[in-house]
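The values are calculated or read from the model by the stated rules, or taken from the named source; none is laboratory data. Small disclaimer: the values here were computed from a predicted structure and weren't measured. Heads up, the Cβs are rebuilt from the backbone with ideal geometry, glycines too, and the neighbour counts pull from every protein chain shown. With ligands, DNA and RNA removed, areas are computed over all heavy atoms of the protein, side chains included. Shrake-Rupley method; radii C 1.70, N 1.55, O 1.52, S 1.80 Å.
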Amino acid sequence: MKTINPTDRILVLTGAGISAESGIRTFRASDGLWEEHRVEDVASPQGFARDPHLVWRFYKKRYKQAMSVEPNPAHYALKKLEDALGDRFWLITQNVDGLHSRAGNKNVIEMHGSLNTAWCTHCGNRFPTEEIDLEAELPPCPSCNKMLRPDIVWFGEIPYQLDRIQSLLDRATLLIVIGTSGNVYPAAGFVMQARFLGARTLSVNLDAPENKGFFNEFYQGKAGEILPHLVDEWLK
Ligand code: OAD
């Protein structure tokens, strides 16, 4: 196994698989969330316009579940890596569960939004979910009383902080992608960009991802088992 160099700038991309061992369901597994729900019903602006009650029920359940679980050894391994690398480490996540921050990572970009916030469809203000009335079927905005929406980037919407992500991709020397099927763009394309820009690329995933061909190294298995060992090796 190649180690990491003191000059490496590491960019990590995570997906639902890194939270699986914390007890959060992934999307595309046979028992995944998208087996039970139609993406267009609960994860699109059109679905929200059609039936906001259904969409709020879906995200309230996911919020309560995320609050009831804990980060797992894979999250803590990434915290250890950031502690060692400081600002040469950045973490981009497609997850909305907040578990990376709860594990202690600071340099985190939540590109698909967060269950921990909601924003107002009328005045545009954003609020911590713990400050809104989740008992209400359609939680009202604390400042203007109009309808809030979950702070999730839905299909057809633009992921957050793409400019910042692009500049991190431009500078990264090592891209580590963990627990994502490689189905959803633009995140699924980051490995191609990193490769074309000359970075080393590494995947830790239970199943072979769609974009497996773009990785220099593929570690197959559970992130919570593989990642702590990889990080310990690198930091020796
Ligand atoms: P998926 O459900 O598509 O993929 C999860 C991946 O994690 C699969 O490739 C699994 O093999 C892998 N996996 C499962 N358990 C694992 C473990 N313990 N360790 C390592 N890998 C494991 O989830 P994402 O790729 O994150 O977007 O999905 C991307 C986006 O699609 C999500 O952010 C979400 C979804 O629709 C929105 O909701 C907008």
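If Glu36 passes every condition in (1) open to solvent by less than 40 Å² (accessible area, probe 1.4 Å); (2) under 24 Å from Pro209 (Cβ atoms) but one, which one does it miss?
Failed condition: (1).
Please go through region 52-72 and give me each residue that is crowded, with 17+ Cβ neighbours inside 10 Å and of a type in the set (A, V, I, L, M, F, W, C), ordered by number.
Val55, Trp56, Phe58, Ala66
How many residues, within region 174-224, are charged (D, E, K, R) and closer than 16 Å to Ile4 by Cα?
Final tally of qualifying residues: 2.
For residues that are surrounded by fewer than 18 Cβ atoms within 10 Å (Cβ to Cβ) and part of a helix (DSSP H, G or I), tally how many sit in region 92-131.
The number of residues fulfilling the criteria is 3.
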